[in-house]
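Taking it in order: structure first as structure tokens, then the write-up.
The numbers here are math on the coordinates, done by the rules we state, and not lab data. Since the model is a prediction, treat every value here as computed from it, not as a measurement. No Cβ is skipped: glycine too gets one built from the backbone with ideal geometry, and neighbour counts run over all protein chains shown.
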Amino acid sequence: MTTRNLVLAATLAFALGLPLLTDSGFWIKFAFATLLFAYMGQAWNILGGYAGQFSFGHALFFGTGAYAAAIAQVTFGLNPWLGLPLGALAAGAVGWAAGYLSFRYGLRGSYFALVTLAFAEVFRILANSVAFTGAGVGKFVALQPGWATFQPGQIGFYYIALALVVASVALVWRIENSRFGAQMMAVRENEAAAAALGVDAYRVKLRAIALSGAMTGIGGVLYLQFYLYIDPLLAYGPGVSVEVLLVPIIGGMGTVLGPLVGSVVLHAASELARRAMGDAPGIHLVFYGVLLVVMVRFLPDGLMGLLKRRRRRDA
């Protein structure tokens with residue numbers, strides 16, 4: 001086995017055994033959040049890192065998945081596990097629609113980023129206004145512990161999140177080594193040149209945003225079942241969008257392991273900052289903003305890019 005594979009195997013073994021090393025609910029919850037955002041950061045990475053389409057509004061997909069599952073379960077009494085495919089379908093459909101309206105008319109770069117932010121805000125206003133979402137009160141899910149009701153406890157959720165991270169890493173690795181991945185990277189580097197080579201940039205970007213949206217929607221469903229509550233600000237507010245965006249930027253956009261590395265670093269640094277500065281409202285967003293500026297200015301390729309540069313120097 002190569003050194004990289006050994007490190008990955010050791011990391012996975014540690015992750016599998018983590019609940020056995022601590023009985024602290026705090027650390028299990030912390031690990032769950034880290035894995036959840038590593039997974040959703042991987043979803044963003046497909047669209048932003050590989051296809052080169054920066055989204056500032058991935059809360060649009062997160063909230064849609066969460067609300068679709070909450071409405072299906074609370075209003076229509078469907079089995080909570082059905083919320084996973086339903087949330088993925090709803091968020092994927094919203095992603096396809098947002099992509100159609102954006103890419104059809106040639107929006108790219110900062111214009112596309114602002115449009116995704118606007119879509120998320122529109123959905124937040126709608127969710128805050130209509131009755132079937134619970135309006136400003138939000139949606140509560142009844143506490144019914146057990147695997148059958150999709151409430152397996154903190155350790156159960158931890159393993160579900162870990163499975164999603166492993167599956168997303170495998171998926172992105174497969175995409176990176178596929179024709180679709182090559183097409184996305186060609187569009188990212190130079191859309192006009194890619195089109196000249198026969199790549200249908202519009203179709204590639206549409207597939208990327210639909211896939212990214214569906215994956216993020218699954219993350220929203222998992223968040224709902226873990227916390228048993230969702231409201232418009234939690235679902236469609238800027239907090240989720242910023243955190244999902246930061247994870248691959250810190251770890252390294254367009255890399256398979258970047259979102260996982262970025263999520264671990266971000267949540268560890270965020271927890272240290274919280275303990276140092278307290279729980280003042282909005283302080284985490286200030287911290288995220290400063291971290292984003294620092295990363296873009298000094299480490300635009302993220303931590304994985306820094307590691308690659310050091311390997312080249314040592315070679």
*Which of 215, 277, 40 has the fewest Cβ neighbours within 10 Å, and the rest in rising order*: 277, 215, 40
*Does region 1-156 come out rounded, prolate or oblate, given a ≥ b ≥ c as the square roots of the eigenvalues of its C-alpha gyration tensor, rounded meaning a/c under 1.5 and, failing that, prolate meaning a/b above b/c?*
oblate
*Could you put 64, 34 in order, starting from the residue whose Cβ has the fewest other Cβ atoms within 10 Å?*
34, 64
_If neighbour count is taken as other Cβ atoms inside 10 Å, put 267, 58 in order from fewest to most._
267, 58
*With θ set to phi - 60°, apply the Karplus curve 6.51 cos²θ - 1.76 cosθ + 1.60 along region 84-89 and write out the HN-Hα couplings as whole Hz, x wherever there is a Gly or Pro.*
5, x, 5, x, 5, 5
*asked:* Pick from 59, 182, 69 the residue whose mean-square fluctuation is largest in a GNM of the chain, springs joining Cα atoms under 10 Å.
replied: 182
*Evaluate E = 1/(1 + (r/R0)^6) for residue 202 and residue 308, where r is the Cβ-Cβ distance and R0 equals 35 Å; express this FRET efficiency to the nearest 0.05.*
0.65
*Stokes-Einstein D for region 142-289 at 20 °C, 1.002 mPa s, Kirkwood Rh over Cα pairs, in µm²/s?*
121 µm²/s
*Taking every pair of alpha-carbon atoms in region 83-202, what share in percent sits in each 10 Å bin, from 0 to the bin with the longest distance?*
10, 24, 33, 22, 10, 1
_Spelling out what I want: for every residue of region 112-123, take phi, set θ = phi - 60°, compute 6.51 cos²θ - 1.76 cosθ + 1.60 (Karplus), and round to whole Hz; glycine and proline get x._
5, 4, 5, 5, 5, 5, 5, 4, 4, 5, 4, 5
*asked:* If each residue of separation counts as 0.36 nm, what is the full-extension length gain between residue 9 and residue 179 once their alpha-carbon separation is subtracted?
replied: 58.4 nm
*Return the long-range amide H neighbours of residue 229 (sequence gap of 5 or more, or a different chain), with a cut-off of under 5 Å between placed amide H atoms.*
141
*asked:* Can you tell me which of 217, 63, 239 moves the most in a GNM of the chain? Springs connect C-alpha atoms under 10 Å apart.
replied: 239
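Evaluate the charge dipole of the chain about its Cα centre and quote only its size in Debye, nearest 20, assuming +1 on the Cβ of each Lys and Arg and -1 on the Cβ of each Asp and Glu.
Dipole of the chain, to the nearest 20 debye: 760 debye.
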_Could you check the spin-label model distance between residue 269 and residue 171? Points 7 Å from the Cα along Cα→Cβ, value in nm._
2.7 nm
*Any idea which of 114, 143, 202 is furthest toward the positive side of the dipole for region 25-238, if Lys and Arg beta-carbons carry +1 and Asp and Glu beta-carbons -1?*
202
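Would you mind calculating the gained length between residue 16 and residue 297 on full extension (0.36 nm times residue separation, minus the Cα-Cα distance), in nm to one decimal? Let's see the in-between values first.
On the way: separation 281, 0.36 × 281 = 101.16 nm, distance 3.57 nm.
97.6 nm is the gain from fully extending residue 16 to residue 297.
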*asked:* From the phi angles alone, apply the Karplus equation (6.51, -1.76, 1.60; θ = phi - 60°) to region 78-83 and give each ³J(HN,Hα) in whole Hz, x where the residue is Gly or Pro.
replied: 6, 4, x, 5, 5, x
